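To start, the structure under review is shown below, and the notes come after it.
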Amino acid sequence: MSSRIYGSKWNKARLTFLQHHPLCVMCRQQGRLTAATVVDHIVPHKLKDAMNTRHSAAIKAAQRLFWDKKNWQSLCASHHNSTKQRIEKRGQDIGCDANGYPLDAHSHWHQ
């Protein structure tokens, strides 16, 4: 298997997904309408890490997650490059919805 993950097949799937889901989901949660330019994997697929292990079961699981459209979301570049990265590092949602409530479902405001 090639070490290249994002190729022409991904680019075609990405463009099709953005045509059907043209708005940034994080901006919409904040009550704003912003064009999405990135297809983000909600749960990180870690395909490159799996490929480095050369463990076939790990690679297959990562590939399934990579191509699972239920694991995709449309984001603007700003949210993908900043907010989403912080969410992945912290392990919790950051920010508020249009009503001012925290997006993190585990926040004390939702109890």
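The values are calculated or read from the model by the stated rules, or taken from the named source; none is laboratory data. All figures in this text were calculated on a predicted structure; none of them were measured in a lab. Cβ sites come from the backbone with ideal geometry, for glycine too, and all protein chains shown count toward neighbours.
Summed over the stretch 5-38, residues that are in a helix (DSSP H, G or I), among the hydrophobic types (A, V, I, L, M, F, W, C) and surrounded by 12 or more Cβ atoms within 10 Å (Cβ to Cβ) total 7. Here Cys76 meets each of (1) out of contact with any Leu (no Cβ under 8 Å at 6 or more places or on another chain); (2) without any contact (Cβ under 8 Å) to a residue 24 or more places away in the chain with one exception, condition (2). Only residues that are of a type in the set (S, T, N, Q), farther than 30 Å from His55 by Cα and either touching a residue at least 12 places away in the same chain (Cβ under 8 Å) or in contact with a strand residue (DSSP E or B) (Cβ under 6 Å, 6 or more places away or on another chain) (or both) were counted in the stretch 1-39, giving 4. Considering the stretch 54-64 alone, what residues qualify as being exposed (fewer than 14 other Cβ atoms within 10 Å of the Cβ) and at pLDDT 90 or above? Within the stretch 54-64, Ser56, Ala57, Lys60, Arg64 qualify.
Among the residues of the stretch 62-79, is there at least one that is over 17 Å from Asn11 (Cα atoms), within 15 Å of the chain's Cα centre (by Cα) and of a type in the set (Ser, Thr, Tyr)? Yes: the stretch 62-79 contains one or more residues that are over 17 Å from Asn11 (Cα atoms), within 15 Å of the chain's Cα centre (by Cα) and of a type in the set (Ser, Thr, Tyr).
For the stretch 50-63, the criterion of being in contact with a strand residue (DSSP E or B) (Cβ under 8 Å, 6 or more places away or on another chain), touching a residue at least 40 places away in the same chain (Cβ under 8 Å) and not hydroxyl-bearing (Ser, Thr, Tyr) is met by no residue.
In this entry, Met1 is excluded by the filter for residues that are surrounded by 13 or more Cβ atoms within 10 Å (Cβ to Cβ) and modelled with pLDDT under 95.
The combined condition, being at pLDDT 90 or above, aliphatic (A, V, I, L, M), touching a helix residue (DSSP H, G or I) at 6+ places or on another chain (Cβ under 6 Å) and not in a helix (DSSP H, G or I), is not fulfilled by Val43. Residues in the stretch 65-106 that are modelled with pLDDT of 90 or more and assigned to a loop (DSSP other than H, G, I, E, B): Asp68, Cys76. Of Leu75, Leu23, Leu15, Leu33, all but one fail to be aliphatic (A, V, I, L, M) and farther than 22 Å from Leu103 by Cβ; the exception is Leu15.
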